[in-house]
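Asks: Encoded as structure tokens, here's the structure I'll be asking about.
The values are calculated or read from the model by the stated rules, or taken from the named source; none is laboratory data. Note that the structure is predicted; figures quoted are calculated from it, not measured. Neighbour counts are summed over all protein chains in view; Cβ atoms, including those assigned to glycine, are modelled from backbone coordinates with ideal geometry. Keep in mind that these areas ignore ligands, DNA and RNA; they rest on the heavy atoms of the full protein, side chains included. Shrake-Rupley method; radii C 1.70, N 1.55, O 1.52, S 1.80 Å.
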Amino acid sequence: MALDFDAFAIGLLLAPFAMALLAPLISQETGRAAGWIIAIVPAGLFVALLSLLGPVASGKIVQFAVDWVQTLGLEFALRIDGLSLVFALLISGIGSVVAVCSASFLDGHAHRGRFMAFLMLFMGAMLGLVLADSLPALFAFWELTSVASFLLIGFDHHRVDARRAATQALVVTGLGGLCLMIGGVLLHAAAGTWNLSGLPSLAADPAAASVYPAIVVFVLLAAFTKSAQVPFHFWLPGAMEAPTPVSAYLHSATMVQAGVYLLARLSPVLSGTPLWQVPLLVVGGVTLLWGAIHALGQTDLKYVLAQSTIAALGLSVFLIGIGGETGALALAAFFVAHALYKAGLFLVVGILDRSTGSRDIRMLGGLRELMPISFLATAAAALSMFGLPPFLGWFAKEELYLAATGGGQLAWAALGVLVVGSALMGAAALVVLVRPFMGSLGSVGTPRSEGGISLWAGPVVLGLAGFSAIFLLTEVGQFVIGPMAAAIAGGAEPHMSTTIDVFGIPFWASLATWALAITAYRRVEWIRAYLGEAAGRAGNWTFDRGFDQAMFGLVRAGGGLVRLFQHGRLELYLVLLFALLAIALVLPLLGVGDWPAFAVPIDLTPMEWGAVALIVVGTALVVAGRTRLGAIVALGLQGLGTGLLFLFMGAPDLGFTQLMIEVVSVVILALVMTRLRLGSRDPRPLEDWLRDGALALVCGSALAALLIRITAEPLDRRLSDFFASSSAALAHGRNIVNVILVDFRGLDTLGEITVVMTGGIAILALLGGARRVKRAAGPAVDGGGS
């Protein structure tokens with residue numbers, strides 16, 4: 001059953017963009033309180049979306065559609081089901097928390113209002129992405145998130161590292177956007193619809209067998225680049241150059257999760273084949289282990305969390321590869337838990353950085369009693385990430401292992417990957433919790449205040465949400481996790497168990513995870529040293545350096561191509577142009593093999609033969625002309641002959657137009673050429689005569705043959721009849737040619753006039769500039785300088 005929500009949908013999408021326009025003014029007028037005011041919009045959206053939990057959980061789909069491009073069957077369609085609703089709730093909920101923290105975090109920053117505007121722009125783009133039900137709308141918002149994240153990551157644009165990180169993220173995710181565009185077009189070609197909700201399962205569709213592999217490849221590439229899967233993962237740690245609130249928002253439930261959302265949304269459409277499952281399992285598993293182990297090799301808390309985010313994204317992709325109802329349940333539970341604890345941890349790291357001036361775990365320590373609120377918020381988030389009960393992260397971990405045990409032949413391998421990856425992520429959680437807060441006071445000394453409620457309210461709320469959710473697990477499962485899993489699985493809502501089987505594999509796997517996590521934490525210095533040695537043996541080459549090398553190679557190759565083709569020699573440009581024209585004209589005729597029969601027109605009148613003779617004479621004079629001025633005048637004879645032919649054959653309007661154009665062209669060309677020596681003769685080597693003559697003969701003959709071949713077919717008069725019957729009725733004019741130029745293709749005519757006018761202005765500017773340069777240089781030459 002569907003519910004219409006026209007006004008609600010419009011408000012849902014436009015509110016963040018409207019606030020983006022107002023954010024600079026609000027920030028300027030209200031100062032630190034701007035965060036609370038701006039947060040009204042995402043908080044209001046969060047409350048409004050909460051009201052849809054019941055209807056969506058009962059199986060209703062909330063949707064809105066309006067015609068976009070009717071001729072192409074395009075609609076601007078929005079749709080809220082369990083998957084999009086959970087994403088939208090976390091986008092708006094975490095967005096309101098981040099908005100409050102951002103205003104205080106950037107207190108005193110000259111461009112805080114601009115930052116808040118970028119943040120709201122990004123929120124609107126993410127909401128549009130997860131709510132879009134049409135492929136073109138999904139692509140548009142997908143690209144808008146890349147642009148908005150570029151602005152956020154490069155917010156401190158005066159720093160080289162920030163600009164580089166923003167560019168890197170834009171390039172990688174932009175390439176993914178191109179893949180998404182191609183995959184979307186192929187999806188439409190295979191399914192015959194632009195709407196996501198109308199896409200059938202293509203895995204078992206014989207009609208889509210030929211295009212299915214290409215769709216899978218392009219969709220996977222789009223998702224892997226956006227969600228930082230190996231080998232496209234390197235842009236995410238670089239994005240840590242952004243202010244910490246950006247990291248909390250982009251890397252918890254928004255930007256990097258867009259690729260996971262795409263895979264989850266299209267899983268019912270594309271899953272069911274090894275071509276879909278194997279890349280997800282392999283790439284997801286490698287990314288999970290890569291990010292988890294590299295998280296332990298970092299000393300900067302933000303980079304510890306960044307690498308653990310890469311691991312979490314790999315885990316999500318791995319779960320989609322496992323598939324089935326249990327895989328969907330595990331993904332839904334893990335997504336919610338990860339969003340809550342990761343956003344909270346990033347915000348706490350921002351508080352630590354602001355209070356102590358450092359994020360280095362080697363310099364931090366003993367802050368538990370000096371920063372008690374931050375410590376409690378960190379404990380709630382880190383223990384959830386560690387997977388300890390009674391936090392939502394523990395339940396999510398149990399669901400992971402339950403999904404792995406149902407993986408058939410891959411069950412034990414999948415379970416092993418999940419246990420090791422989860423253990424390493426748990427060790428990273430211990431690093432974030434223990435190193436800054438436990439032990440003796442670090443070298444940073446006594447920290448400043450934890451800040452006001454605007455700073456620590458966010459991590460406290462998120463930590464409490466992850467803690468309290470476990471006590472409302474039945475409700476959370478019924479209204480949040482269950483409907484989301486149902487949308488991912490593409491069927492009925494899976495059954496979610498809330499009991500613990502102490503004799504089951506998931507419970508014992510959890511015990512193994514905790515033991516491995518504690519062991520890895522105790523050996524974290526050894527792991528860091530080992531990773532450093534491994535990097536040294538590899539010549540300190542990284543994927544990040546590989547990106548720089550690829551970009552450098554691209555620039556060098558582009559420069560080489562420019563030097564090869566843009567050499568500045570007009571003569572060669574024209575030769576290449578006409579050579580390609582000859583190929584374009586001749587090859588189709590050769591391919592069809594239906595050359596027209598040339599026949600001399602014997603039914604021409606003497607006046608028409610005279611016009612033809614004038615064209616032939618003009619052509620001969622252009623070729624044989626000894627001076628430039630003579631060639632220009634002879635060139636006008638061809639246009640004059642063509643205009644006379646139009647007049648003699650019953651097209652006086654075309655004839656007069658041709659004559660006017662020819663006269664104006666000859667006059668303008670002669671005026672321009674007066675700055676050259678018109679009486680001189682251009683030297684033409686024999687090889688140039690042969691080359692240019694051959695090109696002219698081939699192009700002219702091929703064009704003539706093509707026109708004769710086309711005119712030999714019966715004339716399709718549908719368009720002519722339309723203009724004849726509609727000119728007076730619609731445009732109130734009886735001169736059909738004038739009506740076409742002014743009304744039916746008025747914008748085209750306006751464009752042509754604009755081009756001619758722009759060209760004329762440019763020529764006048766160049767001539768005027770040349771005169772000014774000449775006047776300015778004259779006295780210096782004559783007078784010998786001052």
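Asks: Percent of accessible area on the chain owned by carbon and sulfur, 1.4 Å probe? Provide the component values of the computation, followed by the final result.
Replies: Details: 25840 of 37050 Å².
About 70 percent, which is the carbon plus sulfur part of the accessible surface.
Asks: Using only Cα atoms, find the angle between the long axis of helix 453-468 and the longest principal axis of the chain, and express it within 0 to 90 degrees, rounded to the nearest 10.
Replies: Value to nearest ten degrees: 70.
Asks: Can I ask one more? Hey, if we sort 608, 687, 525 by accessible area with the 1.4 Å probe, largest down, what's the order?
Replies: 687, 525, 608
Asks: Something else now. What's the magnitude of the charge dipole for the chain around its Cα centre, counting Lys and Arg as +1 and Asp and Glu as -1 at the beta-carbon? Answer in Debye, nearest 20.
Replies: Charge dipole, the chain, about its Cα centre: 2380 debye, nearest 20.
Asks: Averaged per residue, what accessible area in Å² does segment 320-436 show with a 1.4 Å probe, protein chains only?
Replies: 28
Asks: Here are labelled values, (1) 93, 32, 24; (2) 49, 38, 24; (3) 65, 33, 27, and one is the computed semi-axes √(5λ) of the Cα gyration tensor in Å for what I pasted. Which one?
Replies: (3)
Asks: Compute the signed sum of charges (Lys and Arg +1, Asp and Glu -1) over the other residues within less than 15 Å, Cβ to Cβ, of residue 391.
Replies: Details: positive: 342, 397; negative: 398, 399.
Within the 15 Å Cβ shell, the charges total 0.
Asks: What ³J(HN,Hα) values, in whole Hz, does the Karplus curve 6.51 cos²θ - 1.76 cosθ + 1.60 give for segment 613-621 when θ = phi - 60°, with x put for Gly and Pro?
Replies: Using θ = phi - 60°, the values come out as 4, 4, 5, 5, 5, x, 5, 5, 5 Hz.
Asks: Something else: Kindly list the residues of segment 77-93 that lie in the label zone of residue 60, defined by a backbone N under 16 Å from the point 7 Å along the Cα-to-C-beta vector.
Replies: 79-82, 85
Asks: Any idea of the accessible area per residue across segment 123-182, 1.4 Å probe, to the nearest Å²?
Replies: 30
Asks: Taking H as built 1.01 Å from N, whose amide H comes closer than 5 Å to the amide H of residue 74, not counting residues under 5 places away?
Replies: 68, 69
Asks: Mind checking the angle between helix 112-131 and the chain's longest principal axis? C-alpha axes, 0 to 90 degrees, to the nearest 10.
Replies: With both axes taken from Cα atoms, the answer is about 90 degrees.
Asks: Same structure again: Taking the highest mean first, how do the peptides 84-96, 351-363 order by number of other beta carbon atoms within 10 angstrom per residue?
Replies: 84-96, 351-363
Asks: Using only the alpha-carbon atoms, how far is helix 392-405 inclined from the longest principal axis of the chain? Give it as 0 to 90 degrees, nearest 10.
Replies: Roughly 70 degrees, rounded to the nearest 10.
Asks: Relative contact order of segment 194-260, please, whole-number percent, based on alpha carbon pairs below 8 angstrom and at least 6 residues apart.
Replies: Rounded, it is 29 percent for segment 194-260.
Asks: Next up: Taking only C-alpha pairs under 8 Å that are 6+ residues apart, what is the relative contact order of the chain in percent?
Replies: Relative contact order, the chain: 10 percent.
Asks: Then there is this: Where the centroid of each part is defined by its Cα atoms, how far is segment 432-475 from segment 16-40 in Å?
Replies: Value for the Cα centre distance between the two parts: 26 Å.
Asks: Moving on. Rounded to the nearest whole Å², what accessible area per residue is found for segment 441-572 with the 1.4 Å probe?
Replies: Each residue of segment 441-572 exposes 61 Å² on average to a 1.4 Å probe.
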